[in-house]
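Enquirer: First the structure, which I've put down as structure tokens, then a few questions once you've had a look.
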Amino acid sequence: MGEAAGVRVLVVNRVAPSSPAPGADRVELSFFDTPWVVLPPIQRVFLYEMAADGGGGGGFAAAVERVKGALAATLALYRPLAGRLAYVAETGDVVVDCCAAVGGDDDDAGVAFVEAEADAMDVRRLAGDEAHDVAAFVALVPELDTRVLPAPVLSVQATRLGGGGGGGLALGVSVHHAVADGRAVWQFMEAWSSAARMGSPVTKPHYSREDAIPNQDGGELARRMLNMVAPKLPEASGEYDYSQRFRLARRTFCLGADGIRALKRRIDEMASAEAAAAAEHKPVSTFVALAAMGWVAFVRSKGLAAGEDTYLIFLADLRARLDPRVGDGYLGNCVRMCLASCPDAAELRGERGLLRAARAAQAAVAEMEAAPLAGVDGSAIARVKQLPFSRLANVAASPRFRAYDAADFGFGKPARVELVSMNHDGEMVLVGGRRDGEVQLSVSIDPTHVDAFKAEVLGWLY
């Protein structure tokens, strides 16, 4: 894919932790982690503008050295990210082998760091287009082969960009989802970038599952979840075929604060117009409003028929909802699935479809808050497997993730941040935008439905 998109790999080095740090030699996965063992990695790309030659060619080279040095310092604290995900046949567990982070004479110790160049890629075009150049974005993130264990947890790629708009840097990151959820990855990015700017990470993680996650049951639940999703370990590929995910169209929308306020106000006004329900209406959060809008846009753009059921899935962070609560800085997965449903797509296609979607999303949140650990025994996964994926929308991440601030390595905020690893039709990603109050929405969608989806989004916000 990289060569086809015009990306040439120059060298592959390995970055190990800069100094040994105390901690366990291996980290047991919790029941929150094990369902992600079979899924593709989290892949993100950060685009930066900088001088093409940096005054004699030092711009890109200096930036890469800064990023590599900061990565080594950060991995000293984030040891699991420099390790390997390994299968322990004797117990049936999957663990993070942290010893692989240093590895002595092992040539594979640490994290793969790819340096590449793409003279024909224009950073301003890549950063400015609403439509993704899917092949280009895929080529700008490093491979992370997770199909068979042991598997690496993290890889990084730095690509020098040329093109008519001036030089630039693309920093691509791939992270195994079994080791970190979205919040944990952004925490790592913030620590890494602060190490580049200030010489040391500003946040320190903790990652002992036994200390953080309740009801571990000696790992038995985690093993049961593994058997459900990955019965052929150490082969870690799941039953879903993600080979077509990069054939879908991608679009990114930067949603301004005024438009988001107008959207939330419209939902509240719809509720107020229903006198009987007005007293029960809870004002919608930014996440609920945007998730509802995305779900309605998905249903309408696909032309789902009356009588067809449709669903929305999103993840809730449980760190503050468990008893005892999980402390800040937890490096791991601590999320559960929330499922909103509508038995008749005609309800979402109607004039009050946005309100109907928002109420369904709020109901899913309330259900999660009432019983945070419900469904973690595998029943939620089993239920989702029975759903019609062609009528299922999925919203990932959160407007609270400060994606642009977290990736300032000392040469400015990124011109563009993108989550590359969207996996099916109707998947959306929300992160905080580059400007105050802005939210960035990216969607993966069937190419034939792109224009209709865009029209729906613009119709609600502007």
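The values are calculated or read from the model by the stated rules, or taken from the named source; none is laboratory data. Because the structure is predicted, anything quoted here is derived from the model rather than measured. Cβ atoms come from the backbone with ideal geometry, glycine included; neighbour counts cover every protein chain shown. Note: accessible area is taken over every heavy atom of the protein model, side chains too, but ligands, DNA and RNA are not part of it. Shrake-Rupley method; radii C 1.70, N 1.55, O 1.52, S 1.80 Å.
Enquirer: State the percentage of accessible surface on the range 127-196 attributable to carbon and sulfur atoms; use a 1.4 Å probe and exclude ligands, DNA and RNA.
Expert: Here carbon and sulfur together make up 48 percent of the probe-accessible area.
Enquirer: Leaving out ligands, DNA and RNA, and with a 1.4 Å probe, what % of the accessible surface on the range 252-327 is carbon or sulfur?
Expert: Answer for the range 252-327: carbon and sulfur cover 51 percent of the accessible area.
Enquirer: Within the range 285-316, what residues put their amide N at less than 18 Å from the label point 7 Å along the Cα-to-Cβ vector of GLU274?
Expert: Taking a point 7 Å out along Cα→Cβ of GLU274, the residues of the range 285-316 whose backbone N falls under 18 Å are 285, 288-297, 307, 310-312.
Enquirer: Would you please name the GluC sites (Glu not before Pro) within the range 330-417 that are DSSP coil residues with at most 14 other C-beta atoms within 10 Å of their C-beta?
Expert: Passing sites in the range 330-417 are GLU351.
Enquirer: Could you give the length gained by full extension between ASP129 and ARG325, i.e. 0.36 nm per residue of separation minus their alpha carbon distance, to one decimal place?
Expert: 66.4 nm
Enquirer: Heavy-atom accessible area per residue, the chain, 1.4 Å probe: how many Å²?
Expert: 40
Enquirer: Something else about it: Give the calculated FRET efficiency between ASP344 and ARG247 to the nearest 0.05, with a Förster radius of 30 Å applied to their Cβ-Cβ distance.
Expert: 0.50
Enquirer: Under a 1.4 angstrom probe, counting protein chains only, how are PHE401, PHE188, PHE389 ranked by accessible area, largest first?
Expert: Order by accessible area, largest first: PHE389, PHE401, PHE188.
Enquirer: Let me ask something else. Number of Lys pairs in the chain with C-alpha atoms less than 25 angstrom apart, excluding same-chain neighbours closer than eight positions?
Expert: Summing the qualifying lysine pairs gives 9.
Enquirer: Would you calculate, for the chain, the mean residue ellipticity at 222 nm contributed by helices, counting each DSSP H stretch of 4 or more residues as -39,500 (n - 2.57) and dividing by all residues, to the nearest 500?
Expert: After summing the helix terms and dividing by residue count, I get -9000 deg cm²/dmol.
Enquirer: Probe 1.4 Å, all protein chains in place: accessible area of ARG14 in Å², nearest 10?
Expert: 90
Enquirer: Right, next: In whole percent, and with a 1.4 Å probe on the protein chains, what portion of the accessible area of the range 402-462 is carbon and sulfur?
Expert: With neighbouring chains kept in place, the figure for the range 402-462 is 48 percent.
Enquirer: Using a Förster distance of 35 Å, how high is the FRET efficiency between ASP25 and ALA120, based on the Cβ-Cβ distance and rounded to 0.05?
Expert: 0.20
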